[in-house]
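Undergrad: Take this structure first; my questions come after.
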Amino acid sequence: MQRSEFMADIIKLRQSMMTFSALIIALIIFVSLLFVKSLSQPISQLITGARAIGAGDLDQTIHVESSDEFQGLAKEFNNMAARLKTSMQEIVELKTFNDDIFRSVSSGIITVDRKGNLTSINRSAQKIFSFSRRKIDNKAKEKPPAGIKKALALLMLTLGKKERIEHQVIDYLNQQGEPVFIEISTSLLNDSGGKIIGAIADIRDITLRKRMEELMIRVDKLASLGELSAGIAHEIRNPLAGMKTSIQVLAKKLTSPSQQVLIEGVLSEINRLNRIVTDLLKFSGPSPTFPVSVDIKVILENTLNLLMEKIKKLNIKIVQQYDHIVPIAFLDREQIQQVFLNLTLNAVNAMPEGGTLTISIKMVKDQDRIKEKITQAFDLAFLMENKYMAVSFTDTGSGIKKENLARIFNPFFTTDPNGTGLGLSIAHKLLEKNNAYIYIDSKEGKGCHVTLMIPMADESQNSLPEPSLERQEKRK
């Protein structure tokens, strides 16, 4: 064969082999792509599902159309997501249940971390401390209310000594300037491993209990002193009458100026003793009560008119803050005027250098708020809505010392050298007979705030007539 023919056959064979090789390579690449795609699609679905669950979508499911291990893996992945969803629901329900307990428990709860920073405070604690903040921010931590500040100090003491504190009583003034008593018990807050992670305080408002304890002590004192006062007053009054008559007869016989001055001094002291005896008798057995429909504004105006000369002389400003509509009260007119006169005179005498006396009349709507403050036993009428009005006397005088505040209703207790110490005792007794209530809040140097809870007249009592002449004569 010629060389050109032989080479042509070789070239043709080589071209056929190259073409066949190219086809084989292309087929391999195509099959490889199909295989890679069959692997990458379920893997991509698994990755997408994992990302969705990581983002919080526990309803995510993976569908793989395959009969190999990927379908089994996808099935297990979906089962895992379902179990995770169930566990999360249980955790959320448990957290919600715990939050409901934390929010609804009647005791106040406060927690702090290991550094003493406030971490949580429940609704009851917010109510006790008059603290309506919903979120714990840094600003509130720096300047907490007075009550929370004292509670945090006890929690810091617990963290420092690593000892619990039980039934610690603290007191403070709330935003309205009223005294509040709370009982606090603290303990360390540990995690499941026993590691200290903070401290917790259990807080109870015992203001009402404190007032009721004071009431019981006061009632016992008033009862015993009332019986004693009645006996003493009757024993003293008769000799006083004889002494006064004798001195008056003697005064007619003694005519020198020096003797007359001496006689007048003796008569003045006898009259003062007689006034004390009269107050004692009023305290031990006040006159009968004849409640009628009374316009409180008119009684207050009459009281101010009686003292207006002294009020002007001492340069005292009177501020009257009355509701637009003042309801009719139901009580004894003369007795409530005596109470108003006593309280107004006390306020005026507390401001010898002048000041401001604010008198207010407001409807009472928050019955629970009153029950926390009243210092007497409750009756069924007190449970009725909108049946009381609050009459307040607020002065800017020297106030009452803390140690004297619990004694102001005690008979014969007074800081006025010219007083008998029976004014507030008699006022307390008269209010009690009229189904009315009194409480006094004061701080030395910041004036005094006296509030009376006076019963309102209902529709039938609004039409009651004035006391008859027979009753008025009986009263006299």
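Undergrad: From the set of residues in segment 110-127 that are among the β-branched types (Val, Ile, Thr) and out of contact with any helix residue (DSSP H, G or I) (no Cβ under 7 Å at 6 or more places or on another chain), which is modelled with the highest pLDDT?
TA: Among residues in segment 110-127 that are among the β-branched types (Val, Ile, Thr) and out of contact with any helix residue (DSSP H, G or I) (no Cβ under 7 Å at 6 or more places or on another chain), the one modelled with the highest pLDDT is Thr111.
Undergrad: Which of (1) part of a strand (DSSP E or B); (2) surrounded by fewer than 17 Cβ atoms within 10 Å (Cβ to Cβ); (3) touching a Leu at 6+ places or on another chain (Cβ under 7 Å) does Gln320 not meet, given it meets every other one?
TA: (3)
Undergrad: State all residues of segment 154-182 that are open to solvent by 50 Å² or more (accessible area, probe 1.4 Å), over 26 Å from Ile400 (Cβ atoms) and either at pLDDT 90 or above or of a type in the set (A, V, I, L, M) (or both); if no residue qualifies, say none.
TA: Answer for segment 154-182, where residues must be open to solvent by 50 Å² or more (accessible area, probe 1.4 Å), over 26 Å from Ile400 (Cβ atoms) and either at pLDDT 90 or above or of a type in the set (A, V, I, L, M) (or both): Met156, Leu157.
Undergrad: For Arg275, work out the one condition from (1) of a type in the set (D, E, K, R); (2) over 26 Å from His449 (Cβ atoms); (3) without any contact (Cβ under 8 Å) to a residue 40 or more places away in the chain it doesn't fulfil.
TA: Single failed check for Arg275: (3).
Undergrad: If I filter segment 88-107 down to residues being touching a helix residue (DSSP H, G or I) at 6+ places or on another chain (Cβ under 8 Å) and either closer than 19 Å to Asp57 by Cβ or not in a helix (DSSP H, G or I) (or both), which single residue comes out as most open to solvent (accessible area, probe 1.4 Å)?
TA: Ser106
Undergrad: Continuing with the same structure: Out of all the residues in segment 186-211, which are open to solvent by 30 Å² or more (accessible area, probe 1.4 Å), within 23 Å of Ser130 (Cα to Cα) and part of a strand (DSSP E or B)?
TA: Answer for segment 186-211, where residues must be open to solvent by 30 Å² or more (accessible area, probe 1.4 Å), within 23 Å of Ser130 (Cα to Cα) and part of a strand (DSSP E or B): Ile200, Asp202, Arg204, Asp205.
Residue-wise test of (1) touching a strand residue (DSSP E or B) at 6+ places or on another chain (Cβ under 7 Å); (2) of a type in the set (A, V, I, L, M); (3) at pLDDT 70 or above.
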site: Ala8; (1), (2), (3): no, yes, yes
site: Lys12; (1), (2), (3): no, no, yes
site: Pro42; (1), (2), (3): no, no, no
site: Ile47; (1), (2), (3): no, yes, yes
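Undergrad: Same structure again: So which pairs qualify, if the first residue must be in segment 282-295 and modelled with pLDDT under 75, the second must be assigned to a loop (DSSP other than H, G, I, E, B), the Cβ gap must be under 8 Å, and the two must be at least 6 apart or on different chains?
TA: Lys282/Leu422; Phe283/Pro411; Phe283/Leu422
Undergrad: Now a separate question. Could you check segment 359-410 and list, in sequence order, the residues that are on the phi > 0 side of the Ramachandran plot and modelled with pLDDT of 55 or more? Working first, answer last.
TA: Applying the first criterion (on the phi > 0 side of the Ramachandran plot) to segment 359-410 yields 386, 399.
Passing the criteria: only Gly399.
Undergrad: If you go through segment 156-167 one residue at a time, do you hit one that is part of a loop (DSSP other than H, G, I, E, B), more than 18 Å from the chain's Cα centre (by Cα) and touching a residue at least 24 places away in the same chain (Cβ under 8 Å)?
TA: Yes: segment 156-167 contains one or more residues that are part of a loop (DSSP other than H, G, I, E, B), more than 18 Å from the chain's Cα centre (by Cα) and touching a residue at least 24 places away in the same chain (Cβ under 8 Å).
The values are calculated or read from the model by the stated rules, or taken from the named source; none is laboratory data. Everything numeric here is computed off the predicted structure, so don't read it as measured data. A quick note on method: Cβ atoms are made from the backbone with ideal geometry, for glycine too, and the neighbour counts reach across all protein chains shown. What goes into the accessible areas is simple: the full protein's heavy atoms, side chains included, and nothing from ligands, DNA or RNA. Shrake-Rupley method; radii C 1.70, N 1.55, O 1.52, S 1.80 Å.
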